[in-house]
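Visitor: One structure, pasted below without further comment.
Read the figures in this text as sums done on the coordinates, not as results from a lab. It should be emphasised that the depicted structure is a prediction, and the values quoted were computed from it without experimental measurement. Every residue, glycine among them, receives a Cβ derived from its backbone with ideal geometry; neighbour counts consider all protein chains shown.
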Amino acid sequence: MELEELSAAIIGAAMRVHSRLGPGLLESVYQACLKHELLQMGFRVESEVWLPIIYDTLKIDGAYKADLVVEDLVIIELKAVEQILRVHKAQLLSYLKLSGRPVGLILNFNVVHLREGICRMTNRHLRTVDAGS
């Protein structure tokens with residue numbers, strides 16, 4: 001499966017979760033439900049994934065934690081906030097650079113329409129693509 005198709009499938013699953021649950025719940029609820037949805041679709045999904053940082057010759061295990069990692073390719077950061085901030089985007093970009101994974105998604109479930117709460121970032125091009133635009 002291509003990365004674009006994988007991202008689209010993840011976003012579709014997140015939209016189904018959001019349609020059923022709506023906004024206003026804890027991030028942990030959306031995380032559990034999205035993981036369930038993705039597993040039902042046959043994807044390999046890990047939650048609360050501790051990742052190391054390698055700085056020069058120093059390796060720091062468990063330096064940061066990704067909410068979900070799908071197919072060992074896509075990092076998903078879940079939010080239930082008023083809006084996605086620049087610091088959230090910077091955090092995801094750091095996660096992508098440090099992990100070497102190619103794609104990341106911020107999914108903010110605290111919105112009326114989930115399409116307004118999606119931010120897709122790529123490591124390869126180091127650019128942001130907002131799904132709502």
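Visitor: Would you mind calculating the relative contact order of the chain from Cα pairs under 8 angstrom and at least 6 residues apart, reporting the percent as a whole number?
Guide: Numbers: 234 pairs, mean separation 26.4, N = 133.
Once divided by the residue count of the chain, the mean separation gives 20 percent.
Visitor: Based on other C-beta atoms within 10 Å, arrange F109, F43 from fewest to most.
Guide: Details: F109 25, F43 18.
By the 10 Å Cβ count, ascending: F43, F109.
Visitor: A further question on this structure: Nearest 20 debye, what's the magnitude of the dipole of region 3-130 about its Cα centre given +1 on Lys and Arg Cβ and -1 on Asp and Glu Cβ? All intermediate terms of the calculation are to be shown ahead of the outcome.
Guide: Details: 15 positive and 15 negative charges, 46 e Å.
With only Lys, Arg, Asp and Glu charged at Cβ, the dipole is about 220 debye.
Visitor: Just tell me which lysines come within less than 23 Å, Cα to Cα, of K79; anything on the same chain fewer than 8 places away is out.
Guide: K35, K65, K89, K97
Visitor: Let me ask something else about it. Which angle from 0 to 90°, rounded to the nearest 10, does the C-alpha axis of helix 27-40 make with the longest principal axis of the chain?
Guide: 90
Visitor: Now for a different question. Among rounded, prolate and oblate, which fits the chain when a ≥ b ≥ c are the square roots of the eigenvalues of its C-alpha gyration tensor, a/c under 1.5 means rounded, and a/b larger than b/c means prolate? Before the final figure, lay out each step's value.
Guide: On the way: a/c = 1.57, a/b = 1.46, b/c = 1.07.
Taking the square roots of the gyration eigenvalues as a ≥ b ≥ c, the chain is prolate.
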